[in-house]
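Accompanying notes for the structure given below.
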Amino acid sequence: MAELIWSEKSLLDVENIYDYIARDSPLYARYQVESISASLERLCVFPESGRHLPEFPQLPHREVIVDNYRVIYRYDSSIDEVKIVAVVHGSRLLKETIFISRD
């Protein structure tokens, strides 16, 4: 079973999502964050279940769609690790620099 690791950037992304939604509804903000977290648990068992990024098919990153958000991750089979590198709103255009993790 793969280990799920959150990068600092991805944690900040989720925190910003929470803060933005919480301005209108703290309850819905909590539900959204819980939904994102729960949806990613399957990656521990099925780390390659996400699709490759259509914008960057040459990169090893994959994504899982959770409601309106794209969760970008990278799976390293040599150490059986799934690293969440970014969580972005689906309406945003992806740039390579958004999800290339430095940590």
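Condition first: crowded, with 17+ Cβ neighbours inside 10 Å, in contact (Cβ under 8 Å) with a residue 40 or more places away in the chain and either part of a strand (DSSP E or B) or touching a Cys at 6+ places or on another chain (Cβ under 7 Å) (or both). Now tell me which residues in region 73-99 satisfy that.
If the condition is that a residue be crowded, with 17+ Cβ neighbours inside 10 Å, in contact (Cβ under 8 Å) with a residue 40 or more places away in the chain and either part of a strand (DSSP E or B) or touching a Cys at 6+ places or on another chain (Cβ under 7 Å) (or both), then 75, 82, 83, 84, 85, 86, 87, 88 are the ones that fit.
Is it true that residue 71 is at pLDDT 95 or above, among the β-branched types (Val, Ile, Thr) and touching an Asp or Glu at 6+ places or on another chain (Cβ under 7 Å)?
Yes: the conditions hold for residue 71.
Quick one: which residue in 76, 24 is acidic (Asp, Glu) and touching a Lys or Arg at 6+ places or on another chain (Cβ under 9 Å)?
Among 76, 24, only 76 is acidic (Asp, Glu) and touching a Lys or Arg at 6+ places or on another chain (Cβ under 9 Å).
Which one is nearest to residue 4 (Cα to Cα) among residues in region 33-46 that are surrounded by 19 or more Cβ atoms within 10 Å (Cβ to Cβ) and out of contact with any Ser or Thr (no Cβ under 8 Å at 6 or more places or on another chain)?
The extreme case among them is 40.
How about region 39-66: which of its residues are within 22 Å of residue 91 (Cα to Cα), of a type in the set (A, V, I, L, M, F, W, C), at pLDDT 90 or above and not in a helix (DSSP H, G or I)?
53, 64, 65, 66 - these are the residues of region 39-66 that are within 22 Å of residue 91 (Cα to Cα), of a type in the set (A, V, I, L, M, F, W, C), at pLDDT 90 or above and not in a helix (DSSP H, G or I).
The values are calculated or read from the model by the stated rules, or taken from the named source; none is laboratory data. Please read all numbers here as calculations on a predicted model, not as lab measurements. Positions of Cβ are backbone-derived with ideal geometry, glycine not excepted, and every protein chain shown enters the neighbour counts.
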